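Okay, structure first, notes after.
The values are calculated or read from the model by the stated rules, or taken from the named source; none is laboratory data. The structure displayed is predicted, hence computed values, not measured ones. When we count neighbours, we look across all protein chains shown, and the Cβ atoms used for this are built from the backbone with ideal geometry, even at glycine. Heads up: the accessible areas ignore ligands, DNA and RNA and are worked out on the full protein's heavy atoms, side chains in. Shrake-Rupley method; radii C 1.70, N 1.55, O 1.52, S 1.80 Å.
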Amino acid sequence: ATLKAQPDVAAVYLGTQDGRMFLQPDQELPSEYNPTDRPWYKASVVAEDPITSAPYADAYLNDLVFSIT
């Protein structure tokens, strides 16, 4: 629903503490991918407020993006 309602949102990801990753739009990730190993996940666990990343080149979208966690 977020992707339809917000045209500027390119993707929505959810990483869970048990290592599962949910993505919209669907993407194929390597079998060993674990979101809890990612810097964005680790930073969001200790943060008291939302975190915004610096812009970075996204490999899947082939575009400059930023993340909010």
Pair list, Cβ < 6 Å and 6+ apart or interchain, from segment 1-28 residues that are closer than 16 Å to Tyr41 by Cα to residues that are surrounded by fewer than 11 Cβ atoms within 10 Å (Cβ to Cβ): Val12/Thr2; Phe22/Leu14
So, in segment 11-47, of the ones that are farther than 16 Å from Ala59 by Cα and of a type in the set (A, V, I, L, M), which residue ends up surrounded by the fewest Cβ atoms within 10 Å (Cβ to Cβ)? Val46
Just for segment 48-59: of the residues that are closer than 23 Å to Gln17 by Cα and among the hydroxyl-bearing types (Ser, Thr, Tyr), which one is most open to solvent (accessible area, probe 1.4 Å)? Thr52
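Give the number of residues within segment 21-48 that are hydrophobic (A, V, I, L, M, F, W, C), more than 15 Å from Val65 (Cβ to Cβ) and either out of contact with any Gly (no Cβ under 9 Å at 6 or more places or on another chain) or in a helix (DSSP H, G or I) (or both).
Quick first cut of segment 21-48, residues hydrophobic (A, V, I, L, M, F, W, C) only: 21-23, 29, 40, 43, 45-47.
Adding the requirement that they be more than 15 Å from Val65 (Cβ to Cβ) leaves 21-22, 29, 43, 45-47.
Those still in the list that are either out of contact with any Gly (no Cβ under 9 Å at 6 or more places or on another chain) or in a helix (DSSP H, G or I) (or both) too: 29, 43, 45-47.
Count: 5.
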Specify which of the listed residues (Asp8, Asp18) is part of a loop (DSSP other than H, G, I, E, B), charged (D, E, K, R) and modelled with pLDDT of 90 or more. Asp18
